[in-house]
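The values are calculated or read from the model by the stated rules, or taken from the named source; none is laboratory data. Quantities reported herein were computed from a predicted structural model and do not represent experimental measurements. FYI the Cβ positions are ideal-geometry reconstructions off the backbone, even for glycines, and counts take in every protein chain you see. For the accessible areas, the whole protein counts, side chains as well, though only heavy atoms, and no ligand, DNA or RNA atoms are used. Shrake-Rupley method; radii C 1.70, N 1.55, O 1.52, S 1.80 Å.
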Amino acid sequence: MEEWLCSRDSFERFWKSVPEGSRCLLRVTGTSMQPTLRHERDCVLLKRISGKEAKIYDIVLFQRSDGSWVLHRLIGKKEF
């Protein structure tokens, strides 16, 4: 399994080019996950998985329709 240290600038390239199972360490920016995660203090270790593998209460990173990335706790799932 490969591990990467990603900056905000390199993250999107990482996410689109590595296979599932790869991991990336990324510094948290923003305040939506406080007090659990603190802006520019904490890092998260991201592991690329499929949406079906995500479990309720996992902290997940997803891309919004406008292209921005959001890190949040998963509180529910819809089956499609």
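Please identify the pairs in which a residue from region 65-80 that is in contact (Cβ under 8 Å) with a residue 12 or more places away in the chain and surrounded by fewer than 12 Cβ atoms within 10 Å (Cβ to Cβ) has its Cβ atom under 9 Å from the Cβ atom of a residue that is part of a loop (DSSP other than H, G, I, E, B) and of a type in the set (Lys, Arg), counting only partners at least 6 apart or on another chain.
Partner pairs satisfying both residue conditions: Lys77/Lys55.
Scan region 37-56 for residues that are part of a loop (DSSP other than H, G, I, E, B) and open to solvent by less than 100 Å² (accessible area, probe 1.4 Å) and jot them down.
Going through region 37-56, the residues part of a loop (DSSP other than H, G, I, E, B) turn out to be 37-42, 48-50, 54-56.
Passing the criteria: Leu37, Arg38, His39, Asp42, Arg48, Ile49, Ser50, Ala54, Ile56.
Scan region 15-28 for residues that are loosely packed, with under 13 Cβ neighbours inside 10 Å and assigned to a loop (DSSP other than H, G, I, E, B) and report the count. Give the steps one after another, and end with the answer.
Restricting attention to region 15-28, the residues satisfying the condition of being loosely packed, with under 13 Cβ neighbours inside 10 Å are 16-17, 19-21, 25.
Adding the requirement that they be assigned to a loop (DSSP other than H, G, I, E, B) leaves 19-21.
Number of matching residues: 3.
Just wondering, is there one or more residues in region 29-48 that are of a type in the set (Val, Ile, Thr), modelled with pLDDT under 70 and out of contact with any Leu (no Cβ under 6 Å at 6 or more places or on another chain)?
Pass one, region 29-48, residues of a type in the set (Val, Ile, Thr): 29, 31, 36, 44.
When the remaining residues are screened for being modelled with pLDDT under 70, the result is none.
No, region 29-48 has no match at all.
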